[in-house]
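Here's the structure, in structure tokens; my notes come after.
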């Protein structure tokens, strides 16, 4: 009898942890991803701000799973599924069959119906977007150095971040350090510390899912780095000249040539196709409502984990779309599949163990809610550093990142300050 075929879609946290949990299981595992690497997304903002290079936070999937003899890794993009035939279709026309399916295709940035804003306000979901943001940030200082027009220089030195969640806060803090410390002696016509960094959010405070005391401390840390938060404002337009925001008193134009999008996520394209084929129920953002065992109603062989899943905690609240949820969900799905193969019927529902939330603002400045204990400042920063190093997949990358952070802590120097590739930009008038 052939081994049970487990197909995993996506090599992110959920997919990779599921594959690793099946290492010794009597199954045939196939993992498919449109990228050949696992990306450590929580540190992607450090690529965008020149602290790290992409290779230091990415690990080739084949290398990570090379010693796992029951696992095959395929490069391809899944575009459709036939749940009745238990088969998925790839963009190149190939098809792969399965007995059990684990879907961990993640999420993409949501522009709330305005995808045309993406060209002027890149998000931070991929290596390409991170290098584009790095391009835009560094180019802005170069353009400000060249122009002699005060208003145009001010526009180049204005950095807007839309969204005050963890990504927005971490980006703003890193930008503040770049302007005040990293580039301090690099220019002759401008003072990089004059940069205006604004974080815009429609909510009432930064880090809205964190306890209020940590939210206040995070905002104070941002102010020390020259970054200012404007809450209660809604972005209604993004173009080459900046943004238009709606406030309580009307609309306001904020001029800037560097806008970064860190607000909202949407389900992946395949996630929408899966909903269409299975008739699965979704929440308002399109996430698939899963049963307590993370499967789709009427399709017990299809598990959905990570950002795509709308799963509830023990108290009935939806679980957040964070790495820890994806990791634990992937591990649970793998274990449940093995239990089914062994003939066990009484499989316990998925239980998420919340280890807390972490956000770093700058050097020796962070906020953390760890097992209900609120930490801030240097201690929280050490906790953040340790946890992120621990979860980087490859040992070599851990060592390299640790060394890079050591130099950054001592010198504020960001060794990956390279302007590469192309990005949407205005021409610079050197006069």
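The table below lists the values:
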{"quantity": "All positions within the stretch 241-251 that are surrounded by 13 or more Cβ atoms within 10 Å (Cβ to Cβ) and in contact (Cβ under 8 Å) with a residue 12 or more places away in the chain", "calculated": "241, 242, 243, 245, 246"}
{"quantity": "Qualifying residue in the stretch 306-328 (condition: in a strand (DSSP E or B), in contact with a strand residue (DSSP E or B) (Cβ under 7 Å, 6 or more places away or on another chain) and touching a residue at least 24 places away in the same chain (Cβ under 8 Å))", "calculated": "yes"}
{"quantity": "Residue within the stretch 196-203 that is touching a helix residue (DSSP H, G or I) at 6+ places or on another chain (Cβ under 6 Å), closer than 30 Å to residue 55 by Cβ and crowded, with 20+ Cβ neighbours inside 10 Å present", "calculated": "yes"}
{"quantity": "Selection status of residue 289, at pLDDT below 95 and outside the structural domain of residue 120 (by TED's automatic domain parsing)", "calculated": "no"}
{"quantity": "Matching option when the condition is within 27 Å of residue 356 (Cβ to Cβ) and not assigned by TED's automatic domain parsing to the domain that holds residue 132, among 297, 280, 309", "calculated": "309"}
{"quantity": "The stretch 140-159 - residue that is in contact with a strand residue (DSSP E or B) (Cβ under 8 Å, 6 or more places away or on another chain) and surrounded by fewer than 18 Cβ atoms within 10 Å (Cβ to Cβ) and, of those, farthest from residue 122 (Cα to Cα)", "calculated": "151"}
{"quantity": "Members of the stretch 59-90 found to be part of a strand (DSSP E or B), under 21 Å from residue 29 (Cβ atoms) and in contact (Cβ under 8 Å) with a residue 24 or more places away in the chain, listed by number", "calculated": "59, 60, 71, 72, 73, 74, 75, 78, 81, 82, 88, 90"}
{"quantity": "Test for residue 181: is it farther than 27 Å from residue 357 by Cα and free of Cβ contacts under 8 Å to residues at least 12 places away in the same chain", "calculated": "no"}
{"quantity": "From 416, 359, 364, 333, residue being farther than 26 Å from residue 13 by Cα and either in contact with a helix residue (DSSP H, G or I) (Cβ under 8 Å, 6 or more places away or on another chain) or surrounded by 15 or more Cβ atoms within 10 Å (Cβ to Cβ) (or both)", "calculated": "364"}
{"quantity": "Unique match (being at pLDDT below 95 and not in a helix (DSSP H, G or I)) among 93, 113, 55", "calculated": "113"}
{"quantity": "Output for the stretch 378-402, where each listed residue is over 23 Å from the mean Cα position of the chain (by Cα) and either assigned to a loop (DSSP other than H, G, I, E, B) or under 24 Å from residue 184 (Cα atoms) (or both)", "calculated": "378"}
{"quantity": "Selected residue [assigned by TED's automatic domain parsing to the domain that holds residue 164 and touching a residue at least 40 places away in the same chain (Cβ under 8 Å)] from 393, 383", "calculated": "393"}
{"quantity": "Residue satisfying condition, being surrounded by 24 or more Cβ atoms within 10 Å (Cβ to Cβ) and within 17 Å of the chain's Cα centre (by Cα), within set 101, 52, 31, 61", "calculated": "52"}
{"quantity": "The stretch 1-26: number of residues that are over 20 Å from residue 328 (Cα atoms) and either free of Cβ contacts under 8 Å to residues at least 60 places away in the same chain or part of a strand (DSSP E or B) (or both)", "calculated": "4"}
{"quantity": "Count - residues of the stretch 109-125 that are touching a helix residue (DSSP H, G or I) at 6+ places or on another chain (Cβ under 8 Å) and closer than 30 Å to residue 299 by Cβ", "calculated": "2"}
{"quantity": "So residue 46, is it under 23 Å from residue 129 (Cβ atoms) and either touching a residue at least 40 places away in the same chain (Cβ under 8 Å) or not in a strand (DSSP E or B) (or both)", "calculated": "yes"}
{"quantity": "The stretch 160-181: number of residues that are farther than 21 Å from residue 42 by Cα and surrounded by 23 or more Cβ atoms within 10 Å (Cβ to Cβ)", "calculated": "1"}
{"quantity": "Failed item, numbered, when residue 284 is tested on (1) out of contact with any strand residue (DSSP E or B) (no Cβ under 9 Å at 6 or more places or on another chain); (2) surrounded by 15 or more Cβ atoms within 10 Å (Cβ to Cβ)", "calculated": "(2)"}
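The values are calculated or read from the model by the stated rules, or taken from the named source; none is laboratory data. Only a predicted model underlies this, so the values are computations on that prediction, with no experimental measurement involved. Virtual Cβ from ideal backbone geometry, glycine too; neighbours counted across all protein chains shown.
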